[in-house]
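S.K.: Let me give you the structure first, and then I'll get to my questions.
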Amino acid sequence: MRNFILATAGHVDHGKSALVKALTGTDPDRLPEEKARGITIDLGFAHLELSVPPSSLNPHPPTFSIGIIDVPGHEDFVRNMIAGIGSIDLALLVVAANEGWKPQTEEHLLILSYLGVKRLVVALTKSDLDNTCHVTDQVREKLRDTPFAGAPVITTSVRTGVGLQDLKSALAREFAALPSPRNIDKARLFIDRAFTLHGIGTVVTGTLVDGPVRVGDTIFVQPRNNPARVRSLQTHGRDVDVLYPGTRTAMNLPDLRTGIDINRGDVITTQRFEPGSMLNVVLARSLRSQRATAIKSRTSAQVHHGTSRVLARIIFAETDSLAAGERAIAQLRLEAPMIAFVGDRLIVRDASGRQTLAGGIVFDVDPTVFTRNRERAILASRAAAPDDVDLAVWTGIAGAEIIEPSRFLERSRFSAAEIGAALQRLARHGEIFLGESVAAKMLVWRELSERAAASIQNNHRTHPERRGLELSELRSEFDSLAPAVFDALIADLCANDFVRIGSTIAKRSHRANLPPELRAAADKLVTALAQKPFDPPGRKELAADQNQRQALRFLIQQGDLIEISGEIVLLRDSLEKMRMTVSDFIATNGPATASQLRQHVASSRRVMIPFLEYLDRIGVTQRSGDLRQLRRSKSSAVAPS
Ligand SMILES: Nc1nc2c(ncn2[C@@H]2O[C@H](COP(=O)(O)OP(=O)(O)OP(=O)(O)O)[C@@H](O)[C@H]2O)c(=O)[nH]1
Ligand SMILES: [Mg+2]
């Protein structure tokens, strides 16, 4: 059994609700006011099970569980109509044979196409009242230049029962041709009703899209990220443990209060999302747009998304206004935050809610910098193919140049796996560099790598005595990069011609060597240290000028000198002798004080104290109170180079 959602559409009084009742047995008009006035005011719901008759080609055809949403046709309730069709798979456009195409037939059709509904079935109702030939022609004519030109048109009457079976068959054929609703594991439930049931508590209903929900799940009420637990789930009055996209869903959330914590227009998600009050969209106006005058930049308008409606200011990026038949990049500055995904559709109506102005496709849900024209233009190309994951991923990287893959396109209509696979494809084709915590446009990455390589090699030239460039120095040249990106850059360099040595990075082939002008300084240093091997002069005294400091550093990096503290360096040989003397002394005489050891080694306090601390650090000795004893396990520790 496959799940789909069908919604009615069409002018007031054309027989939408009567048709739903004839098809399902359920009267979708449930409000007393609707019954009294004989019109639909708010959304109504019904359930229909359909199947394609078996044939020799297809002996086991699928069956369909269809959630039907019946919408109001009256022009005063278009906003309710929009709330009903935000996530549908198929539309049933109802046109009464005796009245033909009317203003809300036209407006509903426009809204369906703005929302990206791909298929519809037309029901010509009330065929018992009038000949349907000329209406059929009229409908065909009206649909000619729309995505629905080939839609089936079925003549019906709920009075005579004509066409009801044909209509069911036509609907079943359409559903059979549709892909199942997408499951990207990012469930969203756009709430269309929130009420309290005695003894049960808060119940919300809506159409589930984009992912499953389960009893016991923690959900978040958006845009406030308010968490709650799902106590029970129903679809079409039946208790279930789990529901999948494309199902009408009733959710029991006893911890939340209707009207306070949760309302129609809110969205339930199974993940936390950061809500945003700015959306970058491509707005399009049909040539059949209701209003002839252009929409000016900075106009206030109602933005409909899912079951919510928010007032917003429209700011066009590259134009001052938008006429019928045109499209333009715009930023919507919303008065309240919304959970929209990249690829979502929305409807823009005028501020007073009388006319439908435009349809939009969201291409950026986090437009922090609207002024970056280049990036915006790249991202906007997503609107041309909102279902293309490669396009969404590539434009995201091409625009931002460097991104963090883990949360990349999180708020989009693609699953994490689809996004990951698209990244891999781009990496395989050499379009991007892909690391664990970074992805970057290949051109940009190469530029960064080449810059870093040049810096390192330049350092080898100017400081041949150093074993490499200090990473901290390199980092300061790349201070605009995020830490993770810099780390990835270093890792990538080291996967190629470079190598990390301690706190430095060097070309693999680089060997430090002392240039002639420093050799004399180095010799002098070694001589000075060798003169008093266990009580050498301090570092400041040894390396007073620039040459001596460079020579000292070279000798330390080469391992000829050991730095035991910031102040004291020792020749490797001297250090080794001192260590053995100390070890032997303690081994023979037992734990000793610093002063005893100093006398025995014939050193000074200035050198002995940091030396013993050094021995503690490398695990040769262990201090307890005033005494030093040997640490047995590491008795033969070697000084680190
Ligand atoms: N003769 C005849 N009357 C019909 C038929 N279908 C609906 N009607 C009548 O048309 C009127 C309007 O029908 P509804 O089903 O309420 O129309 P609707 O399109 O749902 O109207 P709204 O929801 O208010 O837009 C009712 O009085 C129905 O009895 C039909 O096939 N033949
Ligand atoms: Mg109705």
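S.K.: Return the FRET efficiency for the residue pair residue 196, residue 354: r is the Cβ-Cβ distance, R0 is 30 Å, and the value is rounded to the nearest 0.05.
M.R.: Computed FRET efficiency for residue 196 and residue 354 comes out at 0.35.
S.K.: Per the Kirkwood treatment, what hydrodynamic radius in Å, one decimal, follows for the range 352-413 from the mean inverse distance over all distinct Cα pairs?
M.R.: This gives a value of 12.8 Å.
S.K.: Let me ask something else about it. Suppose each label sits 7 Å from its Cα in the direction of the beta carbon; what would the residue 616-residue 558 distance come out to in nanometres?
M.R.: Going by the 7 Å Cα→Cβ label model, 3.3 nm.
S.K.: Report the calculated FRET efficiency for residue 134 and residue 443 (r = Cβ-Cβ distance, R0 = 51 Å), to the nearest 0.05.
M.R.: Computed FRET efficiency for residue 134 and residue 443 comes out at 0.25.
S.K.: Between residue 472 and residue 218, what FRET efficiency follows from the Cβ-Cβ distance if R0 is 51 Å, with the result rounded to 0.05?
M.R.: Taking R0 as 51 Å, the efficiency between residue 472 and residue 218 is 0.75.
S.K.: Any chance you could check the Cα centroid distance between the range 442-457 and the range 491-566 for me, in angstrom?
M.R.: Answer, in whole Å: 28.
S.K.: Work out, in µm²/s and without decimals, the Stokes-Einstein translational diffusion coefficient of the chain at 4 °C, 1.567 mPa s, Rh from Kirkwood over C-alpha pairs.
M.R.: D, rounded to a whole number, is 43 µm²/s.
S.K.: Full-extension gain between residue 391 and residue 593, please, as 0.36 nm times their residue separation minus the C-alpha to C-alpha distance.
M.R.: 65.5 nm
S.K.: Another question, then. Which value, in debye to the nearest 20, gives the size of the charge dipole of the range 532-622 about its Cα centre, when Lys and Arg are +1 and Asp and Glu are -1 at the Cβ?
M.R.: Rounded to the nearest 20 debye, it is 140 debye.
S.K.: If each DSSP helix of 4+ residues adds -39,500 (n - 2.57) and the sum is divided by the residues in the chain, what number results at 222 nm, nearest 500 deg cm²/dmol?
M.R.: After summing the helix terms and dividing by residue count, I get -9500 deg cm²/dmol.
S.K.: Something else: Carbon and sulfur together cover what percent of the accessible area of the range 383-467 at a 1.4 Å probe radius?
M.R.: 49
S.K.: Also, I was wondering about something else. State to the nearest 20 debye the size of the charge dipole of the chain about its Cα centre, where the only charges are +1 on K and R beta carbons and -1 on D and E beta carbons.
M.R.: 1300
S.K.: Here's a follow-up. Once each part is reduced to its C-alpha centroid, what is the distance from the range 343-378 to the range 18-42 in angstrom?
M.R.: Comparing the Cα centres of the range 343-378 and the range 18-42, I get a distance of 35 Å.
S.K.: What is the diffusion coefficient of the range 16-120 in µm²/s, taking the Kirkwood radius over Cα pairs and the Stokes-Einstein relation at 37 °C with a viscosity of 0.692 mPa s?
M.R.: Using the Kirkwood radius from Cα pairs, D works out to 217 µm²/s.
S.K.: To one decimal place, what orientation-averaged projected area in nm² is obtained for the convex hull of the Cα set of the range 89-214?
M.R.: Reported value for the Cα convex hull: 10.6 nm².
S.K.: May I pose another question? To the nearest 20 debye, what is the magnitude of the charge dipole of the range 468-606 about its Cα centre, counting +1 on the Cβ of each Lys and Arg and -1 on the Cβ of each Asp and Glu?
M.R.: So the dipole magnitude of the range 468-606 works out to roughly 480 debye.
S.K.: If you don't mind, another one. Could you tell me what % of all Cα pairs in the range 285-357 have separations over 20 Å?
M.R.: Here the tail beyond 20 Å accounts for 24 percent of pairs.
S.K.: Now for a separate question. When the gyration tensor of the range 153-308 is built from Cα positions, what are the square roots of 5 times its three eigenvalues, in whole Å, from largest to smallest?
M.R.: In descending order, the three semi-axes are 30, 27, 16 Å.
S.K.: Over 26 Å between Cα atoms, which of 118/441; 507/532; 186/296; 35/102; 296/441 qualify?
M.R.: 118/441; 507/532; 186/296; 296/441
S.K.: Provide the net charge surrounding residue 535, with neighbours chosen by a C-beta distance below 11 Å and charges set as Lys +1, Arg +1, Asp -1, Glu -1.
M.R.: Net charge around residue 535: +4.
S.K.: Okay, next question. Taking only the alpha-carbon atoms of the range 492-641, what semi-axes of the equivalent ellipsoid follow from 5 times the gyration tensor eigenvalues under a square root, in whole Å, largest first?
M.R.: Those come to 32, 21, 11 Å.
S.K.: For labels at residue 238 and residue 627 in the simple 7 Å Cα→Cβ model, what's the distance in nm?
M.R.: Computed distance between label sites residue 238 and residue 627 equals 8.2 nm.
The values are calculated or read from the model by the stated rules, or taken from the named source; none is laboratory data. What you are looking at is a predicted structure, and each value in this text was computed from that prediction instead of being measured. Every residue, glycine among them, receives a Cβ derived from its backbone with ideal geometry; neighbour counts consider all protein chains shown. Accessible surface areas use protein heavy atoms only, side chains included; no ligands, DNA or RNA. Shrake-Rupley method; radii C 1.70, N 1.55, O 1.52, S 1.80 Å.
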